[in-house]
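S.K.: If you scroll down you'll find the structure; I have some questions about it.
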Amino acid sequence: MPPTHDAVSSSGRSIRFKRLRLGILALGVLSLLAFAGASCYDAWRSYRHVEIATDREINNVASALAEQTATTWQTVHLLLDDTARWYRSDSREVPPERLDSVLETRTAGIPQVRLVTIVDAQGIQRHRSHGSSPPHLDVSDRSYFIAQRDGTARGFFMSEPLVTRSENRPGVVISRRLEDAQGQFAGVVTAIVDLEDLERFYGAVNLGQASSIYLLSDDGTLLVRNPSMQTLVGRAFRELATVPNAPATRLRNPIDGDYDFIAVAPVKDTHLVLTVTRPEAVAMRLWRDETIRVGVRTLILTVLGAATIAALLRQLRRVETSERALRESEERYALAMEGANEGFWDWHVDADRLFISQKMKMLSGHSEDSEFTTRSAWMAQTVVHPEDAQRRESALEDHFDGLTPRYECEYRVRMPDGSWCWLHARGRCLRDALGKPIRFVGSAIDVSAQRQAQLEKEHLEAQLRQSQKMEAIGTLAGGIAHDFNNILGAIVGYGELAQQQSKEGTPLRRYLDNVMHATGRARALVDRILGFSRSGLGERVPVNVQWVIEETLELLQASLPAGIRVESRLEAGDAALIGDATHLHQVAMNLFTNAIQAMQHDGLLSVALERIDLSERLSLARGNLPAGRYVRLIVSDTGTGIPTTVLERMFDPFFTTKGVGEGTGLGRSLVHGIVTDLRGAIDVRTRADEGTSFEIWLPTSGDARRPAAEATQELPHGNGETVMIVDDEPALVALVEETLAELGYEPVGFTSSEAALAAFRAAPGRFDLILTDEAMPDLVGTELTQHLRRSRPDIPIILVSGHGGTQLARAAAMIGVNELLRKPLERRELAEAVARVLRADK
C-alpha cells in the first residue's frame, strides 16, 4: 500500500532531524579535526625547524674544523717541502753535529708537529728535531718509508695511526721523499703529528652535550675522536666517512648504536674527512617536550569539544523525541485504522459531504490521489458486482430505516486490472433527536484472501470426503470380490468339469453352456470391482493401444443394435503405453457400451485414436497433463447428452441413471480409476439432444508391435509330480485336486496353512510344487512361503489371490514366489502355470 500523507510528512520531518544531527556532527568533527590538524602541523614545522637548525649547526662546525685541519696539514706539508729542499742543497754546509738543532729551529712555532726526522735510504734515522735518536733506529719496515722508497706514494704520504718507536707516543707520520742529484731515492723526511695535541684542539670546541668530532682517513680509519676513545683509534668506520653531505642526514652510529645527526666535511688537499655527530634524542629533546605539552593541550580541548557536540546532539534528540510523541498522539487514530488494514469513510448525509481514507479509495478500485467530495460521486465511479449491488443497497436501506442495529455487508468491486475484490464493510449511522440519519461512518477490509481460502478449504474437504468414500467403497468392494472369487472359482471349475462330461447337443450341455456364460459375466463384474478398488493384479508392460481398440470394436460389432452405426479413425500406429491390456480393454468397452446405450435404438458411434505431442501443460475436466507425448481416444455419440447434475457425479462409484437391474454404477468409475492409474486424464463435452464426446488422454512410451495370434493347444499334463494345495475354501481345494489329478499330477490338499506347514516339515522332499492361496485365517500365503523356504529353499511355489495388487506382486517377488495367479482359476490357466513352473525347476 502506498504511504499516506501523514506517513510521508512524518518521514520528511524525521529525515530533516537526521540531516540536522548529521550536519552538527560533521561540523563538530571537522572542527576538531582542523584543530588537531593545526596542532600536528605546528609540531611538524617545529620538528623541521629543529632538524634544519641542528643540521646547519653541525655542518658549520664540521666545515670550520675541516678548514682548520686543512690549514694544519698545509703547514706540515710546507715544513716538509722546505726541509727537503734545505737538506738536499744546504745541509752539507752545516756540520753534522748541528743538523738536529737546525731541524729543531725549523719546527719552532708549529705546535702540531711534535718531531721532524731525516731517514737515510736504508731506513736508519739520522737526524731529528729534538732529543737524541736511539742509535741506528731502523724504520725501514714502516709503511711511510716503504711507500716513499718504492715510489707508490706521490708527494706526501700519511701513515696509519701508530706508536712511535723513539718516543713511544701515538701519532701520525707524514713523510716526504728525499732524492739525490741524480733523482735517486736518498731517504725520507718525516713530520710526526701529535694526535693528543689534535684531541686537545678539538676538545676546545664546545658542541654541546653528547656531540662528537671524528678525524678519519677517507677509508674510514679513525685518527682522532673527541671525546677521546683511544681503544677505537686505528679501527675503520667507513659509515662515518661516506655519509652524503645532505640536509638533516641521520645514521645509526656504529660506535654506540644510537641514531645521530651527522655532518661530514672533507679536509682539503688531504685524504682526511672531518665528521661531527649529535644524538637525535639530544637534538630533539626540546622539541619532544614542547610537542608533549601541545599534544596534551590538544587532547583536552578535543575531549571538551566532543563532549559539547555530544551534549548538543542529545538535546536535539530530545527535541525530536518530543515532536515525534506529539505527532504520534495526533496520528493515533489514523495509524490504528491503517494498522488494521481497513479503509474508512465519514459521510454527512444532508450535505452529501464525504471524507474517504486513502486505503478506502484503493479498496474501491481507485488511486490514492483521486478526489471524492460527495458519496454520489464516489459510488458513480465505483463498479460493484451486479450480483452484489442489490444486496449492498438493501443492507444500507435496512440500516437507515432502523431495521438493523448496524450496517454489515460483503460485496465485490472491480479493480483497475479487471479482477474482483471482496470487501467486508461495516458501519453505523448517527441520528438526530428525531431518529433521522445525519451522519454515516464505517470501515471496510479486503477479505478476498479469506474468501479464496474458504473456497479452497471447502474444495479440499469435498476431496477428502470423496477420497474417504472411495477408500471405504474400495475396501468393501475388494473384500466382496475376494469372497465372491472363491465362490465363482468353484462354479467355474466344476462347470468346466461338467462340460467335459456332457455331450454336445444335449439339453444338459446347453444348460452348462449357459451357466459358463453367466460365470463369464460374473467374472467380468469381479474384474470391474477389482479394477475400481485398484486391487487387481495388473501387468505393467508395453501395450499396443490401437490393437486393443481394434479388438474391442470387433467384439462390439457382434452385439450392435440394428440402428447403430460405427465410424472409426484409428491413426495411432504402434504407439504403446505401459500398463495392462485388459484394463485398456475395459476402458474402451465401457465407453463404447455407454455410448450405445445413450443412443437407445439408432445413432452414430464415432471412435478416433490419434497421437498428440503437447508442448505445454494442459488442464482437462478430470486431470492435468504435463507436456509430453500422448494418445487420445475420442468416443462420441449422437444421444441425448448428459445433464449438468449428472455430469458432476458421473464418475462416482455405484452412481447410475439406469433402472434397477440395468447397471451396476461401476463402469465410469472403473474408467476413471484406470485412466488415473495410467497417469492420464479425461475430458467430457456434452450438449442436450446433440450427444456426448469422451476424450481419454494416455501418456505413451515408445512403440510396441501387435501380439501374434496363438493357436489353441492341448493342455499340458504331468508325470505324477506331487502338488501341495493350500486354501481355506474346502470346495476349491477339492476342485483343484480333481483338476490336477486329471492332468496327471498327485494332488495333496490342505484347508489349513498350519496343517500344510506341519506336513511339509515332516517330509519336505515329498512335494514337487506348492500351490497356495494368499488370504487365509492362520498363515497367509506369503508367510507360509517364507516358512516353507526355510525348510527347503528350492521348492517351487505358485501364489493365488483374488484380492492383490502391485504391492502383493512386489512382496511375492521379494520372497521368491515363482508364479502369481489370479482367482478364479480356469482349467487351462492352472494347467499351463503348473507345467511352466515345474519345467523351469527342472
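S.K.: Separation between the Ser568 and Ala121 pseudo-spin-labels, each 7 Å from Cα along Cα→Cβ, expressed in nm?
M.R.: About 14.8 nm, to one decimal.
S.K.: Shifting gears a bit: Given a 1.4 Å probe and the protein chains all in place, what does the accessible area of Tyr494 round to, in Å² to the nearest 10?
M.R.: Here the residue's solvent-accessible area equals roughly 90 Å².
S.K.: How large is the Kirkwood hydrodynamic radius of region 117-219, in angstrom, based on all distinct alpha carbon pairs? Walk me through the numbers before you get to the answer.
M.R.: Values: mean 1/r = 0.0661 Å⁻¹.
Hydrodynamic radius (Kirkwood, Cα only) of region 117-219 equals 15.1 Å.
S.K.: Sticking with this one: Quick one: Karplus J couplings for region 42-48, per residue in order, coefficients 6.51, -1.76, 1.60, θ = phi - 60°, nearest Hz, x for Gly and Pro?
M.R.: So the Karplus estimates, Gly and Pro as x, are 4, 5, 5, 5, 5, 4, 5 Hz.
S.K.: Counting every Cα pair in region 204-326, what percent are over 20 Å apart?
M.R.: 60
S.K.: Do you know the relative contact order of region 384-445, to the nearest whole percent, from alpha carbon pairs under 8 angstrom that are 6+ apart? Walk me through the intermediate numbers first.
M.R.: Values: 93 pairs, mean separation 16.2, N = 62.
This gives 26 percent for region 384-445.
S.K.: If Leu821, Leu301, Leu27 are ordered by their accessible area, calculated over protein heavy atoms with a 1.4 Å probe, which sequence runs from highest to lowest?
M.R.: Of Leu821, Leu301, Leu27, the descending order of accessible area is Leu27, Leu301, Leu821.
S.K.: Continuing with the same structure: Suppose R0 equals 56 Å. What FRET efficiency, 1/(1 + (r/R0)^6) with r the Cβ-Cβ distance, do Phe35 and Glu67 give to the nearest 0.05?
M.R.: On the way: r = 48 Å, r/R0 = 0.86.
E between Phe35 and Glu67, to the nearest 0.05, is 0.70.
S.K.: Sticking with this one: Please list, in order along region 717-733, the HN-Hα scalar couplings obtained from phi with the Karplus expression 6.51 cos²θ - 1.76 cosθ + 1.60 (θ = phi - 60°), rounded to whole Hz, x for Gly and Pro.
M.R.: Running phi through 6.51 cos²θ - 1.76 cosθ + 1.60 with θ = phi - 60° gives 10, x, 10, x, 5, 8, 10, 7, 10, 10, 7, 7, 9, x, 5, 5, 4 Hz.
S.K.: With a 1.4 Å probe and every protein chain left in place, work out the accessible area per residue of region 152-246 in Å², rounded to a whole number. Write down the numbers at each step before the final one.
M.R.: Details: 4490 Å² over 95 residues.
Per residue, region 152-246 has 47 Å² of solvent-accessible surface.
S.K.: Here's another thing I want to ask about it. Where does the charge balance sit around Arg85 when Lys and Arg score +1, Asp and Glu -1, over other residues with C-beta under 12 Å from its C-beta?
M.R.: Details: positive: Arg88, Arg106, Arg176; negative: Asp81, Asp82, Asp90, Glu179.
Charge balance in the 12 Å sphere: -1.
S.K.: Quick one: order Lys503, Lys359, Lys457 from most to least accessible surface, probe 1.4 Å.
M.R.: Details: Lys503 155, Lys359 25, Lys457 105 Å².
Order by accessible area, largest first: Lys503, Lys457, Lys359.
S.K.: Right, here's the next one. Using a Förster distance of 22 angstrom, determine the FRET efficiency expected from the C-beta separation of Asp218 and Ser143, and round it to 0.05.
M.R.: Values: r = 16 Å, r/R0 = 0.72.
Once rounded, the FRET efficiency stands at 0.85.
S.K.: Still on this structure: In percent, what relative contact order does region 563-650 have, based on Cα pairs under 8 Å that are 6 or more apart in sequence? Before the final figure, lay out each step's value.
M.R.: Details: 120 pairs, mean separation 29.5, N = 88.
That works out to 34 percent.
S.K.: At 1.4 Å probe size, what's the solvent-accessible area of Trp422? Round to the nearest 10 Å².
M.R.: 50
S.K.: OK, next. If Lys and Arg each add +1 and Asp and Glu each add -1, what is the summed charge of the other residues whose beta carbon sits under 12 Å from the beta carbon of Pro279? Kindly include the intermediate steps, with their values, before the conclusion.
M.R.: Numbers: positive: Arg250, Arg252, Arg278, Arg285; negative: Asp256, Asp258, Asp260, Glu280.
Neighbourhood net charge equals 0.
S.K.: Using the beta-carbon distance between Glu160 and Gln184 and R0 = 25 Å, what value does 1/(1 + (r/R0)^6) give for FRET efficiency, to the nearest 0.05? Can you show the working numbers first?
M.R.: Details: r = 27 Å, r/R0 = 1.09.
Calculated value: 0.35.
S.K.: Would you work out the relative contact order for region 202-321, in percent, from Cα pairs under 8 angstrom that are 6 or more residues apart? Write down the numbers at each step before the final one.
M.R.: On the way: 154 pairs, mean separation 24.3, N = 120.
With pairs under 8 Å counted, the relative contact order is 20 percent.
S.K.: Just to verify a number: what accessible area does Asp768 come out at with the full protein assembly present, 1.4 Å probe, Å² rounded to tens?
M.R.: Accessible area, nearest 10 Å²: 50 Å².
S.K.: Given a 1.4 Å probe, how much area per residue of region 748-796 is accessible, in Å²?
M.R.: Values: 2080 Å² over 49 residues.
Spelled out: the 1.4 Å probe surface of region 748-796, per residue, equals 42 Å².
S.K.: What net charge is computed for the residues neighbouring Arg611, neighbours being all others with C-beta under 13 Å from the C-beta of Arg611, Lys and Arg scored +1, Asp and Glu -1?
M.R.: Details: positive: Arg569, Arg629, Arg632; negative: Glu571, Asp574, Glu610, Asp613, Asp703.
Net charge around Arg611: -2.
S.K.: I've got another one for you. Bins of 5 Å, beginning at zero and ending with the bin holding the largest distance: percent of Cα pairs per bin for region 783-842, please.
M.R.: Reading upward from the zero bin: 4, 17, 28, 24, 21, 7, 0.
S.K.: Give me the dipole magnitude in Debye, nearest 20, for region 64-180 about the Cα centre, with unit charges on the beta carbon: positive for Lys and Arg, negative for Asp and Glu. The partial results should precede the final answer.
M.R.: Values: 15 positive and 16 negative charges, 15 e Å.
Computed charge dipole of region 64-180: roughly 80 debye.
S.K.: How far apart, in nanometres, would the label points at Arg285 and Ser502 be if each is projected 7 angstrom from Cα along the Cα-to-Cβ direction?
M.R.: With each label point 7 Å from Cα toward Cβ, the separation is 14.3 nm.
S.K.: Between Val303 and Asp613, how many nm apart are label points set 7 Å from Cα along the C-beta direction?
M.R.: 8.5
The values are calculated or read from the model by the stated rules, or taken from the named source; none is laboratory data. This is a predicted model, so every value here is computed, not measured. Quick reminder, even Gly has a Cβ in these numbers, built from the backbone with ideal geometry, and neighbours come from all protein chains shown. Accessible surface areas use protein heavy atoms only, side chains included; no ligands, DNA or RNA. Shrake-Rupley method; radii C 1.70, N 1.55, O 1.52, S 1.80 Å.
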